[in-house]
1. Which condition breaks for residue 5 when tested against (1) without any contact (Cβ under 8 Å) to a residue 40 or more places away in the chain; (2) surrounded by 13 or more Cβ atoms within 10 Å (Cβ to Cβ)?
2. Is it the case that some residue within the stretch 19-32 is out of contact with any strand residue (DSSP E or B) (no Cβ under 9 Å at 6 or more places or on another chain), touching a residue at least 60 places away in the same chain (Cβ under 8 Å) and within 28 Å of residue 88 (Cβ to Cβ)?
3. Quick one: what pairs do we get from the stretch 78-89, first residue under 16 Å from residue 7 (Cα atoms), second surrounded by 10 or more Cβ atoms within 10 Å (Cβ to Cβ), C-beta under 6 Å, 6+ apart or different chains?
4. Identify, from the list 62, 56, 52, the residue that is in a helix (DSSP H, G or I) and within 14 Å of the chain's Cα centre (by Cα).
């Protein structure tokens, strides 16, 4: 295994992780900002008020995008296993 192939596999793994995690992180970020602005406007500083909407948004994004995320991870894993003989030999 050459250093270039190790770096290529690592880059592809990081790219796949970024693509799969981005919708989840963006949804939680947007909900957190909206809830934070509402808390600042109403001066209600309850921790559960910010946690529960984030949890609900996360569940909705996983429900909506879960099949796509799973398909993306499966495609990456299949490509990695298919390319494994070329990487080792």
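The values are calculated or read from the model by the stated rules, or taken from the named source; none is laboratory data. Because the structure is predicted, anything quoted here is derived from the model rather than measured. Virtual Cβ from ideal backbone geometry, glycine too; neighbours counted across all protein chains shown.
1. Condition (1) is where residue 5 drops out.
2. No, the stretch 19-32 has no match at all.
3. Correct list of pairs: 87/1; 87/5.
4. Values: 56 fails: within 14 Å of the chain's Cα centre (by Cα); 52 fails: within 14 Å of the chain's Cα centre (by Cα).
That would be 62, the only listed residue that is in a helix (DSSP H, G or I) and within 14 Å of the chain's Cα centre (by Cα).
Results for (1) under 30 Å from residue 73 (Cα atoms); (2) touching a helix residue (DSSP H, G or I) at 6+ places or on another chain (Cβ under 8 Å); (3) modelled with pLDDT of 95 or more, shown as yes or no for each residue.
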{"position": "17", "(1), (2), (3)": "yes, no, yes"}
{"position": "21", "(1), (2), (3)": "yes, no, yes"}
{"position": "24", "(1), (2), (3)": "yes, yes, yes"}
{"position": "42", "(1), (2), (3)": "no, no, no"}
{"position": "53", "(1), (2), (3)": "yes, yes, no"}
